[in-house]
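Down below is the structure, laid out as structure tokens.
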Number of protein chains: 2
Amino acid sequence: MKIAITGKGGVGKTTLSALLSHIYSTEGKGVIAVDADPDANLAAALGVSREELASIRPIADLPELIEERTGVKPGTPGGIFKLNPKVDDIPEGFGYSIGNITLLVMGKSRSAASGCYCPESALLRRLLKHLIVERDEVVIVDMEAGIEHLTRGTSEGVDGFIVVVEPGQRSVQTAQTVMRLAGELGVQKIFAVANKVRNEEDIAFIKDALEGIDLLGSISFNTDIMEADVKGLPSYMSSDTVVDEARKIKGNLEGRV
Amino acid sequence: MKIAITGKGGVGKTTLSALLSHIYSTEGKGVIAVDADPDANLAAALGVSREELASIRPIADLPELIEERTGVKPGTPGGIFKLNPKVDDIPEGFGYSIGNITLLVMGKSRSAASGCYCPESALLRRLLKHLIVERDEVVIVDMEAGIEHLTRGTSEGVDGFIVVVEPGQRSVQTAQTVMRLAGELGVQKIFAVANKVRNEEDIAFIKDALEGIDLLGSISFNTDIMEADVKGLPSYMSSDTVVDEARKIKGNLEGRV
């Protein structure tokens, strides 16, 4: 099962990614959880402590690795680098283990040309392709709204592309943009999950705004998730309701694919 | 007054940007409101209707303008472009007027090399510098967490660099990263605004986590802002409390600079 989760900043992508990673891991499955959003913090949502967080180095911040694999030192202008660098040992070598979950933090190129056609991006794109197309584990990718690093060849391997939406025009607009981009990239199975839902009207609003979308389920509005974040607790410890709702979403996803 | 507003996705940067733009405009001041976060939607928060939204083309999506000003067609690989393109007529020519407010939507390069050292980025960087360093209007920039397009020369012109934070480890971690990046860029006056605050404990948590930060004020947790977003209303119409809190924040900022 390969799941990519996206949506506007703050809608709860990371919370859902952490919940699904937790649920699969409690079933004894190997999970690779990928933090592919430089503005997210999947590690914290998975319960990694503040002290340990500091020890996790994102892949994009490993210049030696990038140079070794792509043949080009990050920041070198105009270098010609290998487009197919070796990446299959990266999860084991550079992942952070939390029980059955291997966390990989992608990070962001620090060069002025961030997100550019640079060796960091080449390595990250190849790594994501490897994870989605070549691995046996459950892979859950917490992506930014811009679906960076996702290429056509990779997107076809995604079993569930989930757009998280909250009741609000702005979140819906981002969802529409992301869905269009994903469609252009050849993603077949696009689903939505409604988060911060207060009542039936909120669900109706989202269904109406994202006409025809396959809604996998919803997570109720509650301040427990906020509270867990304040206390530095993992998302799955926020409340039983939330975990149950995520379990339903997982069941519905599996029923669809 | 030149204000840059940043913070983790979903913390309320756009809401604060819209509120401050509204408050300055009701004082009869000319305001340039800049949407510099591809994942934000400042237009909606300023009350632009869904139908009108579709007519606003981001600067990065104007290939004719980019080619005319930089000398290079977007997407051309390795072109040599003007680093100092003419931009001073862009607010008038390409902004969207809402009363005294001129809205400029920066957008994002659509090329594979998004955010890259490309003509789009050169134009956006120069435009932001012009707005912050050379204009007389109040300028309010809704930035993404990565402070893209901000360069050393521009950052020195910023009177108030405001990091919006909500009670939660993840928002605080992003705030710390952004504050470090801003400091490295030479931004002198870094402030915080606490959003979604439920009680005194939430404020204490934020003060404690961002030790020594100059907190300009806070906006209370309420579902009115969410409700306004669902209904497509501008942020300033969400509730009087919210506008009053934003007015206090503005007063405190002016007292500091």
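Laboratory data are not the source of any read-out in this text; all were calculated from the coordinates shown. Source: prediction; values computed, not measured. Heads up, the Cβs are rebuilt from the backbone with ideal geometry, glycines too, and the neighbour counts pull from every protein chain shown.
List the residues whose amide H sits under 5 Å from the amide H of B:Ile162, counting only those 5 or more places along or on another chain, with H placed 1.01 Å from N in the peptide plane.
Amide H neighbours of B:Ile162: B:Ala4, B:Ile5, B:Thr6, B:Phe191.
Over the whole of B:221-230, what's the average partner chain Cβ count within 10 Å per residue? Rounded to a whole number, please.
Details: counts 2, 0, 4, 0, 1, 8, 3, 2, 7, 13.
Across B:221-230, the average partner-chain Cβ count within 10 Å equals 4.
How high is the relative contact order of chain B, given as a whole-number percent (alpha carbon pairs under 8 Å, six or more residues apart)?
Working: 480 pairs, mean separation 68.9, N = 257.
Relative contact order, chain B: 27 percent.
So, with +1 on the Cβ of K and R and -1 on the Cβ of D and E, and no other charges, what is the size of the charge dipole of chain A about its Cα centre, to the nearest 20 debye?
Numbers: 28 positive and 37 negative charges, 122 e Å.
The dipole of chain A has a size of about 580 debye.
For region A:135-208, what are Rg and Dmax over the alpha carbons, in angstrom?
According to the Cα coordinates of region A:135-208, Rg and Dmax are 13.3, 40 Å.
Under a point-charge model restricted to the Cβ atoms of Lys and Arg (+1) and Asp and Glu (-1), what is the dipole moment magnitude of region A:2-95 relative to its Cα centre, in debye to the nearest 20?
On the way: 10 positive and 13 negative charges, 66 e Å.
Dipole magnitude for region A:2-95 comes out near 320 debye.
Rounding to the nearest 20 debye, state how big the charge dipole of the protein assembly as shown is about its Cα centre with +1 on each Lys and Arg Cβ and -1 on each Asp and Glu Cβ. Could the numbers behind the result be given before it?
Working: 56 positive and 74 negative charges, 225 e Å.
Here the protein assembly as shown has a charge dipole of around 1080 debye.
List the lysines whose Cα lies under 20 Å from the Cα of B:Lys73, skipping any in the same chain that are fewer than 8 positions away.
B:Lys82, B:Lys86, B:Lys108
Between B:Ala204, B:Ala194, B:Ala44, where does the largest GNM mean-square fluctuation fall for chain B, given springs only between Cα atoms within less than 10 Å?
In the Gaussian network model the winner is B:Ala204.
Antiparallel DSSP bridges in chain A: what percent, to the nearest 5?
On the way: 3 of 32 bridges.
Taking every DSSP beta bridge within chain A, about 10 percent pair in antiparallel fashion.
What aspartates and glutamates could a cross-link reach from A:Lys129, if we take a straight Cα to Cα line under 17 Å and drop same-chain neighbours fewer than 8 places away?
By straight Cα distance, A:Lys129 reaches A:Asp35, A:Asp37, A:Asp88, A:Asp89, A:Glu92, A:Glu120, A:Glu137, A:Asp142, A:Glu144, A:Glu148, A:Glu156, A:Asp159.
Below 21 Å, Cα to Cα, which lysines can B:Lys248 reach? Residues fewer than 8 away in the same chain don't count.
Within the straight-line limit of under 21 Å, B:Lys248 reaches these lysines: B:Lys2, B:Lys13, B:Lys29, B:Lys189, B:Lys196, B:Lys207.
What number results when the radius of gyration of the protein assembly as shown, computed over Cα atoms, is divided by 2.2 N^0.38 Å? Present the calculation step by step, with values, prior to reporting the outcome.
Working: Rg = 21.8 Å, N = 514, 2.2 N^0.38 = 23.6 Å.
Normalised Cα radius of gyration, the protein assembly as shown: 0.92.
Does chain A come out rounded, prolate or oblate, given a ≥ b ≥ c as the square roots of the eigenvalues of its C-alpha gyration tensor, rounded meaning a/c under 1.5 and, failing that, prolate meaning a/b above b/c? Walk me through the intermediate numbers first.
On the way: a/c = 1.80, a/b = 1.45, b/c = 1.24.
The shape class here is prolate.
Which residues' amide hydrogens lie under 5 Å from the amide hydrogen of B:Gly217, considering only partners 5 or more residues apart or on another chain, with H built in the peptide plane?
So B:Gly217 has HN proximity to B:Ala194.
Just for the protein assembly as shown, what percent of DSSP beta bridges are antiparallel, to the closest 5? Walk me through the numbers on the way to the answer.
Values: 6 of 64 bridges.
Bridges in the protein assembly as shown are about 10 percent antiparallel.
Among B:Leu104, B:Leu233, B:Leu46, which one shows the highest mean-square fluctuation when chain B is modelled as a Gaussian network with alpha-carbon springs under 10 Å?
B:Leu233
Once you have a ≥ b ≥ c as the square roots of the Cα gyration tensor eigenvalues for region B:1-104, tell me rounded if a/c is under 1.5, and otherwise prolate or oblate according to whether a/b is larger than b/c.
On the way: a/c = 1.93, a/b = 1.73, b/c = 1.11.
Because a/c hits 1.5 or more and a/b exceeds b/c, region B:1-104 counts as prolate.
From the residues A:Asn84, A:Thr177, A:Ile206, which one has its Cα farthest along the dipole of chain A in the positive direction, the dipole being from +1 and -1 charges on Cβ of Lys/Arg and Asp/Glu about the Cα centre?
A:Asn84
Output wanted: per-residue J couplings in Hz (rounded whole) for region B:4-21, from phi through Karplus 6.51 cos²θ - 1.76 cosθ + 1.60, θ = phi - 60°, x for Gly and Pro.
10, 10, 9, x, 4, x, x, 7, x, 4, 5, 4, 5, 4, 5, 5, 5, 4
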